[in-house]
1. Sorted by average packing, counted as other Cβ atoms within 10 angstrom per residue and highest first, what order do 67-75, 137-145 take?
2. Per q in 0.17, 0.24 1/Å, what log10 I(q)/I(0) does a Debye calculation on the alpha-carbon atoms of the stretch 1-63 return?
3. How would you classify the stretch 152-248 from its alpha-carbon gyration tensor, with a ≥ b ≥ c the square roots of the eigenvalues: rounded for a/c under 1.5, else prolate if a/b is greater than b/c, otherwise oblate?
4. From Cα coordinates alone, what are the radius of gyration and Dmax values for the stretch 1-143 in angstrom?
5. How big is the Rg/Rh ratio for the stretch 42-126, C-alpha atoms only, Rh by Kirkwood, two decimals?
6. Report the semi-axes of the equivalent ellipsoid for the chain in whole Å, largest first, where each axis is √(5λ) for an eigenvalue λ of the Cα gyration tensor.
7. From the gyration tensor of the Cα coordinates in the stretch 118-188, what semi-axes in whole Å does the equivalent ellipsoid have, largest first, with each one equal to sqrt(5λ)?
8. How much length is gained if the chain between residue 17 and residue 68 is pulled fully straight, taking 0.36 nm per residue apart and subtracting their Cα-Cα distance, in nm to one decimal?
Ligand code: PEP
């Protein structure tokens with residue numbers, strides 16, 4: 001049984017006041033339940049977020065981390081420092097970092113290894129661009145993006161399939177498109193990582209909203225969602241958590 005994960009990616013939004021209010025409300029609404037809830041605000045908001053979420057079922061995640069634990073890397077953040085702050089999760093390989101900040105498959109993988117070595121749960125993002133989908137390269141891209149994953153720890157890995165053309169565009173993959181990619185990823189990760197891949201949570205991300213969450217998350221190999229825009233509002237994020245199934 002794979003416990004669903006619903007994760008909020010706040011990107012470069014929010015303030016100390018707004019993350020506190022959001023989390024107070026979220027913690028209140030979901031004192032218990034069947035899915036794992038993760039909220040990933042910008043770095044400076046992490047201490048305030050950890051404080052409010054402490055002792056609740058809501059875990060706090062960062063949106064990136066470096067692959068070294070210390071050194072001359074101005075502007076970067078080390079995984080052990082995130083752990084020291086009480087952060088439990090981290091997103092790596094997000095398409096915005098791949099497209100805007102030069103993230104490559106190799107650097108994303110290095111970040112994931114360092115994060116896991118520090119004990120962080122990694123949400124590793126993969127997904128094709130619109131051009132790649134139109135050229136029928138989706139599965140080949142997913143295969144390439146998961147190369148070298150054999151040494152990742154399955155117990156500290158969650159994968160987010162995020163078709164780039166669906167992120168922040170209001171355009172969502174159909175449930176069938178999502179299931180096809182997720183089933184492929186599960187098979188592929190089975191080849192790369194062995195039987196533990198059957199227990200990996202595979203999240204869908206890309207314009208998930210309260211009105212499409214239940215259908216997307218109802219697909220056989222979709223074990224939750226990574227939510228951007230719709231996670232900024234506590235009502236819509238809560239509705240998506242409910243859509244993930246079970247009583248919350
Ligand atoms: C994301 O940033 O990971 C994302 C899926 O964004 P959105 O839900 O806004 O498409």
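1. Details: 67-75: 10.2, 137-145: 17.3.
Ranking, from highest mean packing down: 137-145, 67-75.
2. -0.51, -0.98
3. Numbers: a/c = 1.98, a/b = 1.62, b/c = 1.22.
Because a/c hits 1.5 or more and a/b exceeds b/c, the stretch 152-248 counts as prolate.
4. 16.1, 47
5. Result: Rg/Rh = 0.96.
6. Details: eigenvalues 121, 99, 57 Å².
For the chain, the ellipsoid semi-axes come out as 25, 22, 17 Å.
7. Details: eigenvalues 101, 38, 24 Å².
After diagonalising the Cα gyration tensor, the semi-axes are 23, 14, 11 Å.
8. Numbers: separation 51, 0.36 × 51 = 18.36 nm, distance 3.14 nm.
15.2 nm is the gain from fully extending residue 17 to residue 68.
Computed from the coordinates by the stated procedures, all read-outs in this text should not be read as laboratory data. Bear in mind the structure is a predicted one, so any value in this text is a computation, not a measurement. In this analysis, Cβ positions are derived from the backbone assuming ideal geometry, glycine residues included, and neighbour counts consider all displayed protein chains.
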